[in-house]
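Following: one structure in structure tokens, then a few remarks.
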Amino acid sequence: MKIILHFLKPYRKLCVFTILAMLLDVAGGLVVPRLTSDMINIGIGSGSLDYMIRKGMAMLAVTLLAGGGALLGSWLCADLSAKIGRDMRNAVYDRSLLFSAHDFERFGTGSMITRTLNDINVIQQSVVWCIQMVLPVPAVCVMGIGMAFAIDRAMGFLLIGVTVLIIVLAVLVTSRASAIFSRLQRLLDRMNVVLRENLTGVRVIRAFRKEKDEEKRMRRSFEDYARTSVSANLLFAGLESTAFFVINICIVAILWLGGDRIGAGYMKIGDITALTEYSILIMFYIIMAQMVIILLPRARVCIQRIREILETEPEIRDGAERMGDHIAGTEPVAAFRHVSFRFPDADENALTDLDFVCRRGETTAVIGGTGCGKSTVARLLLRFHDVSGGCITVNGKDVRTISQKELRSHIAYVPQKAWLFSGTIADNLRYGKEDATEEEMRRILSVAQADFVSALANGLDAHVAQGGTNFSGGQKQRLSIARALMKRADLYIFDDSFSALDFKTDAALRKALKGEVSDAAVLIIAQRINTILNADQIIVLDEGRIAGKGTHEELMKNCPVYQEIAASQMKGGE
């Protein structure tokens, strides 16, 4: 509940106006039966047409006022709910931007999507229903029962008994609904995960002819969700039928007891009409509140899931120091000082005692076998993870003492898996420089050997599908490299970014790249030796440790691990 109050706090005035509008609707609904009773008891009894017209006009005015209150209340309630949903989604998104890679893994992509979209949508609906259906219930019950007591005491006690009975029934059903809706949200998470895997991995599924197996897996997740949904719907059906049965019994009791009270002279005929309408109004609001209350366990689960994200302390915390100006000369742009790193819950270090520097104007390369920790080096520099031991400095500052935003403003990064965003090629290049001109973009595309863009029908405005799926692997890599080169950085990191390029394009790109980033440090993470032959410094990793350090010629003489890699990739005299 605290989290809802936190997001309601900025809209206190809107909440007050919404509640007042809803109360106006409720008050109007309770006054109309009294006017109807007077028309029957006095107007019809005395045969006074003037009295009937006056009461009719009063009834019309009250109805219009109550209707206006209902419309205004619904509009204000919808506006309030939309603002809360917007603020919640922004809060969840902003929080997720602070998460480390491990924090994301804790929740999972499918679950994060479900929480941000479905869970907050459930919370929004619950806010609307609670304001419209639950908050008016105490006022309706108190005022309705009070008016019933004003007509006849026995009838007032009857309404109290029926009201208590339905409330007890709602409490019993709600306690059972909580477990069902908790399971429902978990199954929705699972369904999202399986569906996302099937859609993104459709080519692999088809290549291995696993359509039937994946269909079975998908059906199982759908069926589990459907069975749980049926259980929830059975609760609704049972509660609804029971509540309507109680309402009908209440009306029969009013007519039966009312007849005796009229015969005894304690009541009039019009009072029966008013009491019947009061009972229907009270029971209607209670039933609607029950329907909402049944859904509240689901909303409670959703709130808990949102709170887990908002209250998760990010593994990576920003420091307060400033990065300062660029370091000139041959001072290290980036330095690993006896760095060790272990993934959370891992038994062994992924990296151990890494010690090397990246200097301005020089190219440092990292090479090694699969799983030796090459890409982890890049992630540590970008502070996607924090080191377990030692320290990493960029421009002389420990990366843990400065903000992540400032750190990454000095680094340009090309990820191992080239990723393009939906939009246009120009949109993607402007990720590196927002105010980039067309001339600048064309020059950088030429450096990145992405001249194929000029051959496209729309050039820089050519459409890019999500993930860049309408381009080949080599084209995506070159566009990703161009995006990074648009940014003027102190350190350029290329994480196995040339793997999809042919040897000719690779060589041309490295030659053009040398002149483009001559005033910055370059870190190339590679698996192919031909990509790093001319690097000023090559770091050879083996099982997370430095097995060798030097130029290609030096390592070919004194590093067995590098010699093995070279032997596996090179031919005779190469």
Residue (of Phe208, Thr505, Met191) at the positive-pole extreme of the chain, dipole from beta-carbon charges: Met191
In whole Å, what is the distance between the alpha-carbon centres of the range 204-270 and the range 452-499? 55
May I ask you to give the average projected area over all directions of the convex hull of the Cα atoms of the range 1-144, in nm² rounded to one decimal? 10.6
Going residue by residue through the range 195-209, the Karplus relation 6.51 cos²θ - 1.76 cosθ + 1.60 with θ = phi - 60° gives ³J(HN,Hα) values, rounded to whole Hz and with x marking Gly or Pro, of 5, 5, 4, 5, 6, 6, x, 4, 5, 5, 4, 5, 4, 9, 6
Where the only charges are on Cβ atoms (+1 Lys, Arg; -1 Asp, Glu), what is the dipole of the range 56-116 about its Cα centre, to the nearest 20 debye? 40
Heavy-atom SASA rank of Phe384, Phe244, Phe494 (probe 1.4 Å, accessible area, largest first): Phe244, Phe384, Phe494
Suppose accessible area is computed on protein heavy atoms with a 1.4 Å probe; arrange Trp75, Trp419 from highest to lowest. Trp75, Trp419
Provide the percentage of antiparallel DSSP beta bridges, counting only those with both residues in the chain; round to the nearest 5. 50
How much accessible area does Tyr413 have with a 1.4 Å probe, in Å² rounded to the nearest 10? 70
Residue-span extension gain [Arg227 to Arg86] - 0.36 nm each, minus C-alpha spacing: 47.6 nm
Residue by residue through the range 10-18, which ³J(HN,Hα) values in whole Hz follow from phi under the Karplus form 6.51 cos²θ - 1.76 cosθ + 1.60 (θ = phi - 60°), with glycine and proline marked x? x, 10, 4, 5, 4, 4, 4, 5, 5
Tell me, what is a quarter of the convex hull surface for the C-alpha atoms of the range 438-574, in nm² with one decimal? 9.9
In whole angstrom, how far apart do the alpha carbon centroids of the range 1-35 and the range 76-115 sit? 27
From Cα pairs below 8 angstrom and at least 6 apart in sequence, can you work out the relative contact order of the chain, rounded to a whole percent? 14
Ignoring ligands, DNA and RNA, how do Lys405, Lys83 rank by accessible area with a 1.4 Å probe, largest first? Lys405, Lys83
What percent does the relative contact order of the range 40-199 come to when contacts are Cα pairs within less than 8 Å and at least six residues apart? 25
Helix 49-97 sits off the longest principal axis of the Cα atoms of the chain, rounded to the nearest 10 on a 0 to 90 degree scale, by 20
The local net charge around Pro10, scoring Lys/Arg +1 and Asp/Glu -1 for residues other than Pro10 whose Cβ lies under 9 Å from its Cβ, equals +2
Scan around Ala365 for amide H atoms under 5 Å from its own, H built in the peptide plane at 1.01 Å from N, and keep only partners 5 or more places away or cross-chain. Ile524, Gln537, Ile538, Ile539
In degrees between 0 and 90, to the nearest 10, how far off the longest principal axis of the chain does helix 211-263 point, with axes built from Cα atoms? 20
Would you work out the charge dipole size for the chain about its Cα centre, treating the Cβ of every Lys and Arg as +1 and the Cβ of every Asp and Glu as -1, and quote it to the nearest 20 debye? 920
Across the chain, what fraction of all alpha-carbon pairs, as a whole percent, falls in each successive 10 Å bin from zero upward? 3, 13, 17, 18, 14, 11, 9, 7, 5, 3, 1, 0, 0
Using amide H atoms built 1.01 Å from N in the peptide plane, name the residues 5+ places from Leu351, or on other chains, whose amide H lies under 5 Å from its own. Phe341
Sequence-separation-based contact order of the range 374-455, relative, with Cα cut under 8 Å and 6+ spacing, percent: 16
Putting +1 on Lys and Arg Cβ atoms and -1 on Asp and Glu Cβ atoms, find which of Cys130, Leu523, Gly110 reaches farthest to the positive end of the dipole of the chain. Cys130
Gyration tensor verdict on the range 206-271 (Cα atoms; rounded if a/c is under 1.5, prolate if a/b is larger than b/c, oblate otherwise): prolate
Nearest 10 degrees, 0 to 90: helix 269-310 Cα axis against the chain principal axis: 10
Return the carbon/sulfur percentage of the accessible area of the chain, one whole number, probe 1.4 Å, all protein chains in place. 58
Positive dipole terminus of the range 282-418, leading residue within Tyr413, Ile282, Leu382 (C-beta point charges): Ile282
Holding the Cα-Cα limit at 20 Å, pick out from Lys2/Lys405; Lys405/Lys433; Lys374/Lys417 the pairs that are longer than that. Lys2/Lys405
Cross-link candidates for Lys9: which lysines have Cα within less than 29 Å, leaving aside residues fewer than 8 places away along the same chain? Lys83
Measuring with a 1.4 Å probe in the full set of protein chains, what accessible area per residue, in whole Å², belongs to the chain? 51
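The values are calculated or read from the model by the stated rules, or taken from the named source; none is laboratory data. From a predicted model like this one, the values you see are computed outputs, not experimental measurements. Cβ atoms come from the backbone with ideal geometry, glycine included; neighbour counts cover every protein chain shown. Surface accessibility is based on the protein's heavy atoms, side chains included, excluding ligands, DNA and RNA. Shrake-Rupley method; radii C 1.70, N 1.55, O 1.52, S 1.80 Å.
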